[in-house]
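The values are calculated or read from the model by the stated rules, or taken from the named source; none is laboratory data. Keep in mind the model is a prediction, meaning the values are calculated, not measured. Note that we place each Cβ from the backbone using ideal geometry, even for glycine, and neighbour counts take in every protein chain shown. Just the protein is used for accessible areas: all its heavy atoms, side chains included, with ligands, DNA and RNA removed. Shrake-Rupley method; radii C 1.70, N 1.55, O 1.52, S 1.80 Å.
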Amino acid sequence: MCASAPITQDVMTIPRKLPDGPVNLVGLTREGMRAALIAAGTPEKQARMRVSQIWQWIYVWGARDFDVMTNLAKAYRAQLAQHFVIAVPEVVRREISADGTRKYLVRIAGGHEVEVVYIPEVDRGTLCISSQVGCTLTCSFCHTGTQKLVRNLTAGEIIGQVMMARDDLAEWPAPGEGMGDRPRLISNIVLMGMGEPLYNFENVRDAMKIAMDGEGIALSRRRITLSTSGVVPEIARTADEIGCMLAVSFHATTDAVRDQLVPINKRWNIATLLEALRAYPKASNSERITFEYVMLKGVNDSDEDARRLVKLIAGIPAKINLIPFNEWPGAPYQRSDWERIERFADIVYKAGYASPIRTPRGEDIMAACGQLKSATERARKSRAEIAAEAGLDG
Ligand code: SAH
Ligand code: SF4
């Protein structure tokens, strides 16, 4: 914006009047909540204080009802209840895998459904959340990509997935307990569920700001990883406005193959993507970029691929996360053999990069990477359609 331009953005985004019907406080930034409280009659002078109190109730204690907010006057609580709700997505189904992975199907406004996956590990727990219903991109190996995009999730629906999982895991402190009294079950968040987070930038940003806010869920930005298929123009913005860890769905070492696997490559090719990653300002030894690489038998898993990969990323602090392909009905690929994956990992490792192989989790409940797809979205594309879009024969 040019320096002399009037600052109009705040005026436009801050509501002067509340829309009809109750407003959900979940997902509003502090500034947004302040404006909403003022629009609902909270005196301006008190608004900051009220935000702080309500924020704590919602994000430290998990409150869903204004009645429990005992440090607010009774009349004010009633006033809040007239204008606002504290709502998170509703769990429609919960499945628990033999390995402890939990997959939730949650319903959001409009009757849409998205999936959320909780992956417990010995010393941590990762929640994989969705940013869109479906995905507009059509990566040929991804189940979500066969579902046409229905819509972007709101910030409330994104952070609401975290709150819903905290409910299910009983992670909120009970009355009488302090903030740090319980072990953190959700210690990490990954934006690796359904959707391309960088095509829903503002809502993802606002939701992650809430997750990082020190007076609430308080996850460090190092414990949040956003995975993108390579939306180059938004990568620098991610560093500036979110500051979380970045993962990139790399998956191929030539443009010819990447065009087929990750079609967004036709728009921003490997060289352009690498340039953006090199400039990711937060990249440093302590903040490596994760390169995700799905192992597809005979497609991208040769020794030559491994060697090309390490050459391409030379100079970028990186970790290569090898993902054995997770099969889904009608998928046009097969998982690489285990020895092949290990050999690939070895070449990458010897070149100086950590090369963990992602253990598939929750496969028995179709909760693994790339297997997510709303049950409500039944119109599956055929195998032939997927192959045609990917530019593959047959
Ligand atoms: N849209 C974002 C984030 C969601 S996908 C992205 O593409 O990065 C999360 C990860 O799972 C991505 O690396 C994606 O490429 C990978 N993935 C998708 N389908 C998969 C499958 N069937 N098997 C293994 N990994 C898959
Ligand atoms: Fe969308 Fe990511 Fe799946 Fe590609 S891999 S279709 S970007 S969810």
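Each residue of segment 134-140 was assigned a 3J(HN,Hα) from its phi angle through the Karplus expression (A = 6.51, B = -1.76, C = 1.60, θ = phi - 60°), giving x, 7, 6, 7, 10, 4, 6 Hz with x at Gly and Pro. A full extension of the chain between D337 and E275 corresponds to an added length of 19.1 nm, given 0.36 nm per residue minus the alpha carbon distance. Were the residues from T136 through K319 laid out at 0.36 nm apart, the gain over their Cα-Cα distance would be 63.2 nm. Using only alpha-carbon positions in segment 90-389, the gyration tensor eigenvalues give semi-axes of 29, 23, 19 Å once each is multiplied by 5 and square-rooted (largest first). Looking only at segment 214-236, which residues have a backbone nitrogen under 14 Å from a spot 7 Å from the Cα of Q56 in the C-beta direction? Inside the label zone: 214-217.
The per residue volume of the convex hull around the alpha-carbon atoms of segment 112-255 is 124 Å³. Close amide-amide hydrogen proximity is noted between R151 and V133, each under 5 Å apart and 5 or more residues distant or on a separate chain (H modeled in the peptide plane; Pro and chain starts excluded). For segment 21-85, the equivalent ellipsoid built from the Cα gyration tensor has semi-axes of 15, 13, 12 Å, listed from largest to smallest.
For the chain, the relative contact order works out to 15 percent when only alpha carbon pairs closer than 8 Å and six or more residues apart are counted. The share of accessible area on segment 18-77 that comes from carbon and sulfur is 54 percent, using a 1.4 angstrom probe.
Averaging Cα coordinates gives a centre for segment 225-300 and one for segment 198-215; these two points are 20 Å apart.
Taking only alpha carbon atoms, segment 217-352 gives an Rg to Rh ratio of 0.97, where Rh is the Kirkwood radius. The length gained on full extension between E95 and V68, counted as 0.36 nm times the residue separation minus their Cα-Cα distance, comes to 6.6 nm. Label-to-label distance, A47 versus W172, with points set 7 angstrom from Cα along the beta-carbon direction: 2.6 nm. Computed over protein heavy atoms with a 1.4 Å probe, the accessible surface of the chain works out to 45 Å² per residue. Taking only protein heavy atoms and a 1.4 Å probe, the accessible area of segment 90-389 is 49% carbon and sulfur. If R0 equals 25 Å, the separation of the Cβ atoms of R77 and A39 corresponds to a calculated FRET efficiency of about 0.90.
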